[in-house]
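Every number here is computed from the coordinates shown, using simple stated rules; none is lab data. The structure displayed is predicted, hence computed values, not measured ones. Glycine gets a Cβ as well: all are built from the backbone with ideal geometry, and neighbour counts include every protein chain shown.
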Amino acid sequence: MPTDYDLIILGGGCAGLSLAMHLSHQGALCPKVLIIEKRAHYVNDRTWCFWGTSNAYLKHLANHNWQTVAIKSSLSDVTVDCKDTPYQMLAAEIFYQHALQVIAKNKKIEIHFSETVAAIPNKVDKRWQLIGNNNHYTTKFIVDTRPAKAPQLGESILWQSFYGLEIECANAVFNPNTATLMDFNNNDKTSVCFNYVLPLSITKALIETTVFSTHPIIRENLAFKLDEAIKQYTNNLPYTITRSEHGILPMGNKTQSNDLENSQPTNQDKSYVKVGLFAGAARPSTGYAFQRIQRWADLCAKSIHQTQYPIGHPPDSLMQLSMDKLFLQLIRAQPELAPKLFISLFHRSNTSKLIRFLSDQAKLTDYLAIMLALPAAPFLKQLLISCYKKLNIYAAENTY
């Protein structure tokens, strides 16, 4: 006999656990929920970073924060004081432990580990049917956090691929007071390549090599760049590796492009919702996702409480989507401009306005300030190119 639930969450990663946490807070009013997770257990496999704004979710869990951040290139650099809204890091192991503790307080929520289901659940008589390893489930609603497929060329304006190692040296080599968000490598003219350095102490740091490119890049193809970066920051001193992380994030994927064209995402069946990094969780221009996921989880839990129906990620404002898309199109067309653009952005912007913009909390005056902080000529040129392409496509589609 199948096991029945009100809601099944496919995937117990950040999005799935975050929604379950918010539902757990509903106590006896929480629906009967099952999380299906293919992992046997959680490991410290990643970090999430965000700005410690007044309304940032779970910022009290952050295990490190920096009151200054730096952007560097071979030509110039800028350091920004952000003590009022520090740059914060949350280790996966802390988040997982916290989420599991919160979820365990509500007996109406279950997690099945080492479990997988068919890629496409079947709906029969208004209930979804799912076949697991050795189990049969039914549910009224599904929130699917799994990526639809592996990252592929052409599915996003750009891909953010990164590979990082957390290392520890015997000698003091790091400045633990400043996080380096971008240290650009100007040798690659076909993509945007930079190092990301989060110093955890004078001897320990997370060092990542990140590439914005038209194609996703696997871990092995980033290993040489990362090795060179680590040699640079450690002065070739010996070190030990404590953990690693790798990821590929969409920067302007098709779902987000559709949001821009249609003002809201399409949804054929309200009882089945797709969420996660490939469905709008990641900010197109930055890849930041943690706070966006927390805001969605809060809204989704409230929707389930009020209407029974889950909801997907809310679309960004047209202003934000338009600015992100134009920015991505420009650095895709001219990746060599990226160091100048980012340094100008951090150097010329008011810090509070910039952080609100990066945190998806910008006001109209913040958007205007960001525009004024960036060089106008390349953006105007790219805008004209984009308009010209759209006119050509429109003319071709309407030629009989």
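Each semi-axis of the equivalent ellipsoid for region 318-397 is √(5λ) with λ an eigenvalue of the Cα gyration tensor; in descending order they amount to 25, 15, 9 Å.
Please label the shape of the chain as rounded, prolate or oblate, based on the square roots a ≥ b ≥ c of the eigenvalues of the alpha-carbon gyration tensor (a/c under 1.5 means rounded; beyond that, a/b larger than b/c means prolate, else oblate).
Judged from the Cα gyration tensor, the chain comes out oblate (a/c at least 1.5, b/c at or above a/b).
Taking a straight line from the alpha carbon of K107, these lysines sit under 29 Å away, with near neighbours fewer than eight places off in the same chain left out: K32, K38, K59, K123, K126, K140, K270, K274, K302.
Placing +1 on the Cβ of every Lys and Arg and -1 on the Cβ of every Asp and Glu, with nothing else charged, gives region 318-397 a dipole about its Cα centre of roughly 120 debye. Taking label positions 7 Å along the Cα-Cβ direction at both A40 and T68, the computed distance is 4.7 nm, reported to one decimal. When both bridge partners sit in the chain, DSSP labels roughly 70% of those beta bridges antiparallel. Computed over the chain with a Gaussian network model linking Cα atoms closer than 10 Å, the most mobile of T210, T242, T286 is T242.
Summing Cβ point charges (Lys, Arg +1; Asp, Glu -1) relative to the Cα centre of region 21-168 gives a dipole of roughly 820 debye. Quick one: Debye curve from the alpha-carbon atoms of region 156-252 only, equal weights, vacuum; give me log10 I(q)/I(0) at q = 0.12, 0.16, 0.18, 0.21 Å⁻¹ to two decimals. Ignoring solvent entirely, the Cα scatterers give -0.37, -0.64, -0.79, -1.02. With a cut-off of at most 16 other beta carbons within 10 Å, and DSSP calling the residue loop, which trypsin sites (Lys or Arg not before Pro) in region 1-89 qualify? Please list them. Filter output for region 1-89: K32, K38, R39, K83.
Shape class of region 1-133 from the Cα gyration tensor (axes a ≥ b ≥ c, square roots of the eigenvalues): prolate, since a/c reaches 1.5 or more and a/b is larger than b/c.
The trypsin sites (Lys or Arg not before Pro) of region 271-369 meeting both criteria, a DSSP state outside H, G, I, E and B (loop) and at most 14 other C-beta atoms within 10 angstrom of the site's C-beta, are K363.
Only one residue of Q129, I343, S271 has its Cα farthest out toward the positive end of the dipole of the chain, where Lys and Arg carry +1 and Asp and Glu -1 on Cβ, and that residue is S271. As a proxy for reagent exposure, ranking V78, V33 by other Cβ atoms within 10 Å from fewest up yields V78, V33. Considering only alpha-carbon pairs that sit under 8 angstrom and 6 or more positions apart, the relative contact order computed for region 318-397 is 32 percent.
Computed about the Cα centre, the dipole magnitude for the chain is approximately 640 debye when only Lys and Arg (+1) and Asp and Glu (-1) carry charge, each at its Cβ.
Which whole-number percent is the relative contact order of the chain (Cα, under 8 Å, 6+ apart)? Over the chain, the number comes to 18 percent. Each of H60, Q26, L7 was placed along the dipole of region 1-73 (beta-carbon charges, centred on the mean Cα), and the one lying farthest toward the positive end is H60. Centre-to-centre separation between the Cα atoms of region 16-37 and those of region 291-316: 12 Å.
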